[in-house]
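A short write-up of the structure that comes next.
Taken together, the values in this text are just the output of simple stated rules run on the coordinates, not laboratory data. For clarity, every value in this text was computed on a predicted model and none was experimentally measured. Counting neighbours? That spans all protein chains shown, and the Cβs are built from the backbone with ideal geometry, glycine included.
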Amino acid sequence: MDQERFNSAQAAMGLSLDAELSPDLSEALCSPQFSGCFEPADGPEPALVHALIALAKEFSVAPISGFQVGALAVARSGRCYLGANMEFTGVPLHASLHAEQSAVINAWMHGEQAIDSLHVSELPCGLCRQFLLEIYDAAKLPIIVKTAATTLAELMPQPFINRRPKGQSLLDSPPRNLVNIHPEPGNHIQRAINAASRSYTPYSQSPEGFIIETINGHHLAGRVAESIALNPSVPAAIAALNQMNLSAQRKVSISRCTHARLATALTQSYAFSESLMRGICSTPVESVLMESVD
């Protein structure tokens with residue numbers, strides 16, 4: 001690994017890595033296609049998991065609390081997905097994204113349908129425990145905090161939950177068939193609709209999609225991930241910002257934002273998306289209205 005290339009890559013992403021990383025991790029970080037995902041050749045060995053948790057913490061954005069948390073979701077496929085907490089100034093505190101949510105959403109946005117374990121640098125808070133219960137068979141999910149292993153059932157013995165059946169949970173729900181009410185040309189519009197179609201919205205039935213386009217032509221997608229307790233739900237715009245933050249595009253300027261929402265939705269977060277993005281960039285948020293044809 002060329003040290004100069006590695007230094008340039010981490011500088012471009014705003015990272016400051018003290019620990020020695022393996023050549024494979026260093027190489028992945030230098031790729032312009034890096035998206036917070038690693039596929040270790042020998043599986044998630046303890047030393048690698050430790051290094052990835054330390055790396056995940058570097059992606060934390062915590063201007064309010066100053067408290068950095070890193071997480072790692074190990075998917076059934078064997079791939080490892082980074083997660084980090086994100087806080088946003090100028091919007092309510094509940095707009096924050098927790099590291100456990102970040103890692104799970106990262107895996108979900110990459111198409112994973114099952115997570116075998118979740119590794120976290122700090123003990124999950126109650127909000128995270130509630131959010132994780134949307135995963136199928138969540139009670140058995142192994143959660144490893146530093147070196148101590150537990151399960152979600154032990155952390156949440158009396159959950160508030162309508163247990164999700166297989167094929168209808170956060171990671172494996174089928175897509176919806178959504179179309180633009182006022183058809184217009186533009187790949188960015190279809191990207192937002194495609195993102196919305198994979199939303200997990202069993203409680204409100206109000207899917208939304210959000211697309212961030214960077215000045216170098218990359219697209220970062222986000223969609224809604226609901227919780228039965230409502231507040232732990234993650235809006236589409238934050239899901240998109242999570243994907244941007246965990247990628248090689250985290251410090252690249254935003255050139256376009258597109259928000260797709262259901263015209264008949266019980267809830268929608270377009271005004272929130274506008275407020276959130278106003279504090280991040282000067283790019284207006286384009287609105288697209290959809291209808292369901294399921």
> Which residue, I189, I64, I115, tops the fluctuation ranking in a GNM of the chain built on C-alpha contacts under 10 Å?
Replying inline: I64
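Exactly which chymotrypsin sites (Phe, Trp or Tyr not before Pro) in segment 54-153 are in a DSSP loop and have at most 14 other Cβ atoms within 10 Å? Present the calculation step by step, with values, prior to reporting the outcome.
Values: sites: F59, F67, Y81, F88, W108, F131, Y136; in loops: F59, F67, F88, Y136.
Filter output for segment 54-153: F67.
Can you figure out the FRET efficiency of T283 with E27, using R₀ = 35 Å and their beta-carbon distance, to the nearest 0.05? Each step should come with its number before you reach the end.
Values: r = 32 Å, r/R0 = 0.92.
The formula returns an efficiency of 0.65 here.
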>> So, R0 is 25 Å and r is the distance between the beta-carbons of V145 and D116; what FRET efficiency does that work out to, to 0.05?
In response: 0.95
> Based on DSSP H runs of at least 4 residues, each adding -39500 (n - 2.57), what is the mean residue ellipticity at 222 nm of the chain after dividing by all its residues, to the nearest 500 deg cm²/dmol?
Replying inline: -8000 deg cm²/dmol
>> What do you get for trypsin sites (Lys or Arg not before Pro) in segment 29-113 restricted to DSSP loop and a cutoff of at most 15 other Cβ within 10 Å of the site's Cβ?
In response: R76
>> Suppose the chain between F160 and H182 were pulled fully straight at 0.36 nm per residue; how much longer would it get relative to their current alpha carbon spacing?
In response: 3.9 nm
>> Just to be sure I understand, if you calculate percent of Cα pairs over 27 Å apart for this structure, which of [x] 44; [y] 34; [z] 38 do you get?
In response: [z]
> In nm, to one decimal, how far is the L15 label point from the D42 one, both placed 7 Å along Cα→Cβ?
Replying inline: 2.1
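Does segment 1-109 come out rounded, prolate or oblate, given a ≥ b ≥ c as the square roots of the eigenvalues of its C-alpha gyration tensor, rounded meaning a/c under 1.5 and, failing that, prolate meaning a/b above b/c?
Values: a/c = 2.03, a/b = 1.32, b/c = 1.53.
Oblate, because a/c is 1.5 or more while a/b does not exceed b/c.
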> Can you tell which of S255, M290, P63 lies farthest toward the positive end of the dipole of the chain, using +1 and -1 charges on the Cβ of basic and acidic side chains (Lys, Arg; Asp, Glu)?
Replying inline: M290
>> Of the candidates A239, A114, A62, which one comes out as most mobile in a Gaussian network treatment of the chain with C-alpha springs shorter than 10 Å?
In response: A62
> Of H182, H98, H218, which has the largest mean-square fluctuation in a 10 Å C-alpha GNM of the chain?
Replying inline: H182
> Tell me, what is the FRET efficiency for A153 and L266 to the nearest 0.05, using R0 = 25 angstrom and their Cβ-Cβ distance as r?
Replying inline: 0.20
